[in-house]
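This report refers to the structure that appears directly beneath it.
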Amino acid sequence: MNKLDAELSLGLLQEEGYKIVDKVDEADVILFYTCSVRQHAEDKVYSHLGALKTLKKRRPEVIVGVLGCMAQKDGETIFKRMPHVDLVCGTRMFSRLPEMLLKIRNHGSRVLAIDEDQIVNVKRAVTYRLNFYQAFVTVMRGCDNYCSYCIVPYVRGREISRTIADVKEEVQSLVSNGCREVTLLGQNINSYGKGLRGNVTLGDLLTELNEIDGLDRIRFVTSHPADMSRGLIRTISRLEKVCEYLHMPAQSGSDEVLKRMRRGYPAGYYRDLISYARELIPHLTVASDFIVGFPGETEEDFQETVRLMEDIRFQNCFIFKYSPRTGTKAAELKDDVPDETKRARNLKLLELQKKISLEENTKMIGKKVDVLVEGASKSNPNRLSGRTRQNHIVVFNGSQDLVGKLAGVVIHEVTDLTLFGLLIGCG
Ligand code: SF4
């Protein structure tokens, strides 16, 4: 969502005549889109801001801005800690970025823009995109779930969904400008439609978007198990453009920990959902997030998580050490798992996932996959890189004119993260 908000902001600024430069030293405006889900992410932003002090002394006219969740959460504190910052702009105010920058430039005054009640309403400049054949599209913002460890509902606010007509118009416009794949975004996307007239669901939205000519692939993130219905799984299984990939964070395999996390489901429910989805959707891959070292997590609790990972065999997982976020319910619990134990558990899960990913990827050797080509491979610019419908990263030889096209590739080698193959055709 930060990537998309940054793209939308850049689109707005470009309309005002701003240009993107490659080097920080050449910029007149430096903006940070921030995340406050973990302490580590915030520390990184403060460290980057600190590093700009010298530049700001040398060129005081440069505007430094902090946007997004951390700005919403820390507000005025950012000015106190980093007096060279000119702009602090919360999660729903960035549509007014051009006028805020103008105010700072013309009056030399700082701007603090935190407003809980603003609805984000950004007219998308579809002609300005970081990538022309893939696009993120926000379909809802905010979250009503209040998982005990999570800061998102406090910084992003309550759930608000866009109407189907509004989303469809944006996707149609993206497609007519060359887009082939959309990823629908929502903090809790399975509850899309809440508050809209007429019992609208994510299934209805996907069904409508599936009808758009020229659109090849639809993805959506992030799914919450408690809000993922069997009906939605059945709908997905019927829609040929919806990719066979589900990012549905389990967070823990222990019922006790899940209860303290206020996730609203036991591990067995999660397992049943995945079995049901795999029955209906052939070749489905599943990704998850896990938090280790949540308050009170015992070795037995942790082993439940290990078992869940072994049983489900995720395609990939994001694994984090728990860090308390001020203002959340979990922050009232004693952070009693020693850091050393958190680190060891984190490492154990990372290694286990690496092993599973390699084993699963090895099964792909000799198979033909359809790849939407994204561009040059990061590790080897002479090769191309893209993704399968199941979200595998595929690297292969081919010319740059394949970028943005669908390519048929036969896999001959794999690592835990990447499939390597040979091009056999394109369309
Ligand atoms: S559903 Fe996701 S965004 Fe919402 S509170 Fe839980 S973890 Fe946070």
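The values are calculated or read from the model by the stated rules, or taken from the named source; none is laboratory data. Small disclaimer: the values here were computed from a predicted structure and weren't measured. Cβ sites come from the backbone with ideal geometry, for glycine too, and all protein chains shown count toward neighbours. Protein only, heavy atoms only, side chains kept; ligands, DNA and RNA dropped before computing areas. Shrake-Rupley method; radii C 1.70, N 1.55, O 1.52, S 1.80 Å.
Worth a mention:
- Each of G293, T388, N361 was placed along the dipole of segment 293-421 (beta-carbon charges, centred on the mean Cα), and the one lying farthest toward the positive end is T388.
- Each label point was placed 7 Å from the Cα along the Cα-to-Cβ direction; for A331 and I160 their separation is 2.4 nm.
- The residues of segment 368-426 expose on average 47 square angstrom of accessible surface per residue, using a 1.4 Å probe on protein heavy atoms.
- Violating pairs (Cα-Cα greater than 21 angstrom) within the set K19/K44; K3/K321; K23/K378; K378/K405; K368/K405; K241/K354: K19/K44; K3/K321; K241/K354
- For the chain, with +1 on Lys and Arg beta carbons and -1 on Asp and Glu, the positive-most of A250, L205, T34 along the dipole: T34
- Trypsin sites (Lys or Arg not before Pro) restricted to segment 280-344 and DSSP loop, no more than 12 other C-beta within 10 Å: K334
- Calculated FRET value between L422 and D144, using beta carbons and R₀ = 56 Å, to 0.05: 0.70
- Amide N of segment 158-172 lying under 18 Å from the label point, which is placed 7 angstrom from the Cα of E211 along Cα→Cβ: 163-172
- Whole-angstrom gap from segment 190-253 to segment 156-185, using each part's C-alpha centre: 13 Å
- Each residue of segment 167-178 was assigned a 3J(HN,Hα) from its phi angle through the Karplus expression (A = 6.51, B = -1.76, C = 1.60, θ = phi - 60°), giving 5, 4, 4, 5, 5, 4, 5, 4, 5, 5, 9, x Hz with x at Gly and Pro.
- Fraction of accessible area attributable to carbon and sulfur, segment 228-376 (%, probe 1.4 Å): 52 percent
- All aspartates and glutamates inside 13 Å of K334 as judged from Cα atoms, apart from same-chain residues fewer than 8 positions distant: E297
- The value of relative contact order for the chain, using C-alpha pairs under 8 Å at least six residues apart, is 10 percent.
- Residues of segment 2-113: accessible area per residue with a 1.4 Å probe, Å²: 51 Å²
- Net lengthening on full extension, S379/S229 (0.36 nm per residue, minus Cα-Cα): 50.1 nm
- Simple spin-label estimate for R59 and D401 in nanometres, 7 Å along Cα-Cβ: 4.0 nm
- The length gained by stretching the chain between R313 and H283 to full extension, at 0.36 nm per residue less their Cα-Cα distance, is 9.5 nm.
- Alpha-carbon centroid distance for the pair segment 7-43 / segment 45-74, whole angstrom: 10 Å
- Think of it this way: in the chain, C35, C69, C89, C143, C179, C243, C317, C426 stand alone, with no other Cys Cβ under 4.7 Å.
- Residue separation of N391 and K355 scaled by 0.36 nm, minus their Cα-Cα distance, works out to 11.2 nm of gained length.
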